[in-house]
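Step one of this worksheet: look at the structure below.
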Amino acid sequence: MMRWIVGSLTAALVVWLAGAVAQAEEKMLAHDVYFSLNDNSPQAKEKLVAACKRYLSDHPGTVWFAAGPLAEELKRDVNDRDFDVALHLVFKSKAAHDQYAKAEKHLKFIEGNKENWKKVRVFDSYVEASAHGAVEGMPGNPAEISKPAATKERKKRVRQ
C-alpha cells in the first residue's frame with residue numbers, strides 16, 4: 001500500500017513538473033541587460049547601441065527589441081542610474097531566448113564589446129502582453145494591426 005502511495009505521488013509530481021515546464025515555455029520572456037562601461041563617453045555609448053542593433057535585433061523568436069543610453073535627465077530617487085546603456089528584448093518563449101543565448105551573432109556581440117564592460121546586469125522575467133491602445137510612432141503596434149498582419153510584419157523584419 002505504501003509503495004502505491006509513493007508511486008502515485010511521484011507520478012503526480014512528474015506530471016505537475018512537466019506541466020510547469022510546458023507553461024513556462026509558452027510565456028514570453030523579457031531579457032533586460034544593463035551595461036556599465038569603462039569608457040562611458042557619448043561615442044562609446046553610441047558604439048554599443050549600434051552593436052546591439054547590428055548583432056541582437058533580428059534573432060528568431062524576438063517579439064520586441066530596443067537599445068539606448070541612460071535617460072540622463074531622469075534623476076528621481078527611485079531611478080537606478082547605475083548603467084550607461086540598456087538593452088531590452090522580448091522573446092516569444094524561453095526556448096527562443098535559449099537559442100539567442102548561444103547564437104553566433106550574440107556570441108560575436110559579446111566578444112567584440114566585453115572589453116569595455118565594467119559591469120553587466122541581466123534581468124529575465126516572464127511577461128504577458130497587454131493591448132493598451134495605440135502608441136504613436138511604434139511600428140507593429142498591436143492596437144493597429146491584426147494578428148495575421150503582425151505575424152507578417154515580424155517575418156518581414158526578420159528577413160531584413
Response to the item:
Of (1) assigned to a helix (DSSP H, G or I); (2) modelled with pLDDT of 95 or more; (3) more than 12 Å from the chain's Cα centre (by Cα); (4) surrounded by 13 or more Cβ atoms within 10 Å (Cβ to Cβ), Ala150 fails just (2)
Practice prompt. Would you please name the residue that is nearest to Leu37 (Cα to Cα), looking only at residues in region 81-91 that are surrounded by fewer than 18 Cβ atoms within 10 Å (Cβ to Cβ) and in contact with a strand residue (DSSP E or B) (Cβ under 8 Å, 6 or more places away or on another chain)?
Written response: Asp82
Worksheet item: Yes or no: Gly68 surrounded by fewer than 17 Cβ atoms within 10 Å (Cβ to Cβ), touching a helix residue (DSSP H, G or I) at 6+ places or on another chain (Cβ under 8 Å) and modelled with pLDDT of 65 or more?
Response: yes
Discussion item. Closer than 19 Å to Glu26 by Cβ and acidic (Asp, Glu): which single residue out of Glu128, Glu104 fits that description?
Written reply: Glu128
Fill in: Residue, surrounded by the fewest Cβ atoms within 10 Å (Cβ to Cβ), within region 37-58, restricted to residues that are more than 13 Å from Leu87 (Cα to Cα) and in contact with a strand residue (DSSP E or B) (Cβ under 7 Å, 6 or more places away or on another chain)
Asn38
Response to the item:
Going through region 103-123 in order, the residues found to be within 18 Å of Lys47 (Cβ to Cβ) and in a helix (DSSP H, G or I) are Lys105, His106, Lys108, Phe109, Ile110, Glu111, Gly112, Asn113, Lys114, Glu115, Asn116
Worksheet item: What about Leu89, is it modelled with pLDDT of 95 or more, among the hydrophobic types (A, V, I, L, M, F, W, C) and under 14 Å from Thr62 (Cβ atoms)?
Response: yes
Discussion item. Looking only at residues that are in a helix (DSSP H, G or I), of a type outside the set (A, V, I, L, M) and modelled with pLDDT under 95 in region 19-49, which one is nearest to Val120 (Cα to Cα)?
Written reply: Glu25
Fill in: Some residue of region 71-84 being closer than 25 Å to Ser130 by Cβ and either part of a helix (DSSP H, G or I) or under 12 Å from the mean Cα position of the chain (by Cα) (or both)
no
Discussion item. Checking the conditions here, which among Tyr55, Tyr100 is aromatic (Phe, Trp, Tyr), within 17 Å of Asp124 (Cα to Cα) and assigned to a helix (DSSP H, G or I)?
Written reply: Tyr100
Worksheet item: Looking only at region 39-79, which residues are in contact (Cβ under 8 Å) with a residue 12 or more places away in the chain, of a type in the set (A, V, I, L, M) and more than 30 Å from Lys94 (Cα to Cα)?
Response: Ala44
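The values are calculated or read from the model by the stated rules, or taken from the named source; none is laboratory data. Just so it is clear, the model here is predicted, and its values are computed rather than measured. Here the Cβ is made from the backbone with ideal geometry for all residues, glycine too, and neighbour counts use every protein chain on show.
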